[in-house]
Amino acid sequence: MAGAGISTPSGIPDFRSPGSGLYSNLEQYNIPYPEAIFELMYFFVNPKPFFTLAKELYPGNYRPNYAHYFLRLLHDKGLLLRLYTQNIDGLERVAGIPPDRLVEAHGTFATATCTVCRRKFPGEDFRGDVMADEVPHCPVCTGIIKPDIVFFGEELPQRFFLHVTDFPVADLLFIIGTSLEVEPFASLAGAVRSSVPRVLINRDLVGPFAWQQRYNDVAQLGDVISGVEKLVELLDWNEEMQTLIQKEKEKLDAKDK
């Protein structure tokens, strides 16, 4: 399970923090409160603030970091059953984790849906509009196109319900960089069998680690990247990590040229 704490080291701003470039960008739209960006009622009245955020987060602006590549290495070794992420930045995909290993619990920019006729489109189709500060419209019915990001009150993606079969068969659960405050995602932390160790790599003790610890819980507190590095060292995977990161960096560099 991963949250925003694995993406802030890539430079992705926390949209709620006043003083972050993003928040200041949104001030010109006079949104009543930050969360309004993710409210459907507000979106239909004024989609501009959401697309300002979308422009910032659209795949291609940021790169994965050490924590993303650790998760990719777990996959390469055949150890990753599934990665449940709260993040909407798509960096797990950029790091090379295949979509079938991912549950993007709060949605993705990889696909988009017309809010009127409900046709589905690849997110990439509207990149030009978003980058040009235009609100994308459906080529068929002219309705507003909304990336498949989960707004408040919307249902989570169907894939989220894979947790019903995933968590009971897991034999280890990593929880990295999340406050475990947003439901129903947060309650997944309690969905593994009680004999299964849970490893928290996070700034603070959160969720059940704070109020209902199990005998086999492990917490590595402090900086998330340092915590992951410590784990990689204990696993003696340093060399493999460096090779993977170098290889992937070269791929992204070539793509950017």
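The values are calculated or read from the model by the stated rules, or taken from the named source; none is laboratory data. Bear in mind the structure is a predicted one, so any value in this text is a computation, not a measurement. Here Cβ is always computed from backbone atoms with ideal geometry, including for glycine, and neighbour counts include all displayed protein chains. Surface accessibility is based on the protein's heavy atoms, side chains included, excluding ligands, DNA and RNA. Shrake-Rupley method; radii C 1.70, N 1.55, O 1.52, S 1.80 Å.
What the table below lists for this structure:
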| quantity | calculated |
| --- | --- |
| Inter-centroid distance (Cα atoms) of the range 184-198 relative to the range 104-124, Å | 29 Å |
| Probe 1.4 Å, protein heavy atoms only - accessible area per residue of the range 124-191 in square angstrom | 51 Å² |
| Length-normalised contact order of the chain in % [C-alpha pairs under 8 Å, at least 6 apart] | 18 percent |
| Size of charge dipole - the range 41-187 - debye, nearest 20, with Cβ of Lys, Arg +1 and Asp, Glu -1, no other charges | 260 debye |
| Carbon and sulfur %, accessible surface of the range 116-255 computed with the full protein complex present, 1.4 Å | 54 percent |
